[in-house]
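Take a look at the structure below.
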2 protein chains.
Amino acid sequence: MNCILLPAANFSNQSTHINAKAQIEHVNQVLGAKVGDTLKIGQLEGNLGSAIIADITPEHILLIDVNLTTAPPPKLNLTVVLALPRPKVLRRLIMDMTALGVRDIILINSYRTQKSYWQSPMLSRLEEFVLEGLQQGVDTVAPRISLQKRFKPFVEDELAQLITNRAIVAHPYGELLFSKYMQQQHLQKQLENSESSHSSILPSMVFIGAEGGWIDYEIELLTKQGCQAVHIGERILRTEAAVNAILGQWLI
Amino acid sequence: MNCILLPAANFSNQSTHINAKAQIEHVNQVLGAKVGDTLKIGQLEGNLGSAIIADITPEHILLIDVNLTTAPPPKLNLTVVLALPRPKVLRRLIMDMTALGVRDIILINSYRTQKSYWQSPMLSRLEEFVLEGLQQGVDTVAPRISLQKRFKPFVEDELAQLITNRAIVAHPYGELLFSKYMQQQHLQKQLENSESSHSSILPSMVFIGAEGGWIDYEIELLTKQGCQAVHIGERILRTEAAVNAILGQWLI
């Protein structure tokens with residue numbers, strides 16, 4: 001927790017309060033903060049800043065001198081379409097994608113997604129994982145998350161309208177290394193005499209499979225809609241590691 | 001577990017056997033494999049390949065027709081110097097760095113590393129985490145891991161001999177974005193009329209802090225030895241996420 005995010009409803013004039021248990025525990029146990037100390041806070045969907053602790057009770061921390069003047073960092077111009085992963089790793093994946101600043105997250109069904117994953121109680125806790133991710137990454141704006149339980153209708157009927165720029169699908173057996181793909185985009189931009197900086201050639205949509213990746217039929221449907229299959233070498237990473245390794249491209 | 005790695009001592013002629021509990025469980029419960037099925041296996045520090053299940057008992061799986069003809073993927077020309085993290089995340093960090101193919105891992109003390117971490121029983125299980133990482137990444141060659149409990153003597157007396165190429169230290173408050181650093185290296189190589197491909201300009205050593213990062217004094221000692229401080233944007237990532245986001249550069 002690198003900042004404490006509070007809902008707009010908690011704020012009035014120059015004061016606000018913390019009443020969520022996890023946040024109170026963090027202030028007491030991790031920060032060991034006391035009355036008079038300054039906390040890094042933010043208003044959900046608003047600005048970042050600081051406030052001073054005026055009172056601490058077991059259920060409530062009163063903050064005064066609230067000063068929210070820093071705008072949150074810009075979101076990445078990026079939609080991640082992720083095959084619904086094992087419930088066990090869903091929390092960290094949502095946290096990490098949120099902390100990285102992904103603007104849109106689409107959790108999709110895939111051939112290798114077990115049906116039971118869609119019944120997981122973890123799916124009702126996405127908002128909580130997003131809050132953890134925002135407090136980790138020091139951001140206030142939640143990503144938009146949507147669930148797509150049917151792969152084929154989504155890809156065939158909805159995907160084309162969502163691709164605003166280039167789209168790639170991460171596939172260990174894709175024909176093209178990610179860096180070669182980027183080189184191609186770079187050359188293409190130069191031929192067109194348009195801007196070819198690293199950020200201008202990044203795709204705006206990335207499909208990432210869960211464990212076991214995509215099946216050929218899924219790759220076929222995606223490439224038909226204009227997605228390019230790319231890989232990041234022959235090593236197979238955990239889904240979490242792969243998501244961070246790929247999305248790291250958007251940060252540098 | 002994307003392959004099952006077995007020690008050289010288990011092999012004789014064309015057969016081998018599995019006797020580690022976790023591997024037997026994986027074959028039975030995750031793969032649901034039966035006598036006659038082919039398994040993806042490898043010999044630790046040797047080749048990758050396949051074998052056929054000849055017999056399964058609760059404590060022992062006999063494999064025949066062993067065929068090990070694929071060399072493991074090359075290691076990355078990279079030393080990661082990681083501030084010893086919380087024991088809870090040590091397992092996944094060692095797994096991920098191993099799966100990514102890091103050649104050398106140095107776990108080092110830092111100002112923000114709690115002293116108690118050095119007493120953690122997790123530190124005696126590194127070999128087990130490495131095995132998990134190799135079986136995830138489909139590799140057979142373990143990274144070299146060393147522990148450095150004293151930051152200053154290591155940096156002042158040993159570091160210079162270990163830097164074979166460029167070294168960077170990941171620091172959220174570093175002056176230079178990673179991509180700008182890479183651009184500078186690229187231009188430098190071009191001025192020297194030498195090769196300037198992505199892989200030829202990657203540093204050979206990366207320092208990564210644990211939660212809270214490095215203190216100014218540590219950054220100062222490192223830059224004195226020629227390390228360049230770089231950052232990957234203002235968002236703060238979990239150590240695991242940061243390691244994968246940064247090391248992803250070596251895969252693409």
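Laboratory data are not the source of any read-out in this text; all were calculated from the coordinates shown. Given the structure is predicted, the values throughout are model-derived calculations rather than measurements. A quick note on method: Cβ atoms are made from the backbone with ideal geometry, for glycine too, and the neighbour counts reach across all protein chains shown.
Annotations
- Taking a point 7 Å from the Cα of A:ASN13 along the Cα-to-Cβ direction, the residues of region A:35-70 with backbone N closer than 16 Å to it are A:52, A:54-55, A:62-67.
- DSSP-defined beta bridges in the protein assembly as shown - what % are antiparallel, rounded to 5: 40 percent
- Using the alpha-carbon positions of region B:4-70, Rg (one decimal) and Dmax (whole number) come out as 10.6, 30 Å.
- Shortest-first distances to equivalent copies, position B:LEU123, nm, label 7 Å out along Cβ: 4.4
- Counting, for every residue in B:225-237, the Cβ atoms of other protein chains within 10 Å of its Cβ and taking the mean gives 4.
- Panel order for B:ASP104, A:ASP216, by other beta carbons found within 10 Å of each beta carbon, from fewest to most: A:ASP216, B:ASP104.
- Alpha-carbon spread of region A:7-119, three principal axes, descending order, Å: 55, 31, 22
- Segment A:GLU234-A:LEU187, length gained on full extension (0.36 nm per residue, minus Cα span): 14.4 nm
- Measuring between alpha carbons in the structure, the pairs from A:LYS88/B:LYS88; B:LYS88/B:LYS115; B:LYS115/B:LYS149; B:LYS115/B:LYS152; A:LYS189/A:LYS224; B:LYS152/B:LYS224 lying more than 18 angstrom apart are A:LYS189/A:LYS224.
- Tensor-based shape of the protein assembly as shown (alpha-carbon gyration tensor, a/c under 1.5 rounded, otherwise prolate or oblate): rounded
- FRET efficiency estimate (nearest 0.05) - Cβ-Cβ, A:ALA33 to A:LYS224, R0 45 angstrom: 0.25
- With N as its number of residues, region A:76-251 has a Cα radius of gyration that, divided by 2.2 N^0.38 Å, comes to 1.00.
- The fewest-to-most ranking of A:TRP118, A:TRP214 by surrounding Cβ atoms within 10 Å reads A:TRP118, A:TRP214.
- Modelled FRET efficiency - R0 22 Å, A:ASN67 with A:ALA20, Cβ distances, 0.05 increments: 0.55
- Local electrostatic count at A:ALA33 - Lys and Arg +1, Asp and Glu -1, tallied over other residues with Cβ under 14 Å: -1
- Label-to-label distance for A:TYR217 and B:ARG112 is 4.8 nm, based on points extended 7 Å past Cα in the beta-carbon direction.
- Ranking of B:VAL102, B:VAL27 by count of other Cβ atoms within 10 Å, fewest first: B:VAL27, B:VAL102
- Label zone at A:GLU175 (point 7 Å along Cα-to-Cβ), backbone N below 13 Å, region A:194-232: A:220, A:223-224, A:228-231
- For chain A, the relative contact order works out to 19 percent when only alpha carbon pairs closer than 8 Å and six or more residues apart are counted.
- Over all pairs of different C-alpha atoms in region B:120-220, the reciprocal of the mean inverse distance, the Kirkwood hydrodynamic radius, equals 16.6 Å.
- Where trypsin sites (Lys or Arg not before Pro) fall in DSSP loop in region B:99-159, at most 16 other Cβ within 10 Å: B:ARG112, B:LYS149, B:ARG150
- Helix-derived mean residue ellipticity, 222 nm - over chain B, DSSP H n ≥ 4, -39500 (n - 2.57), to 500: -8500 deg cm²/dmol
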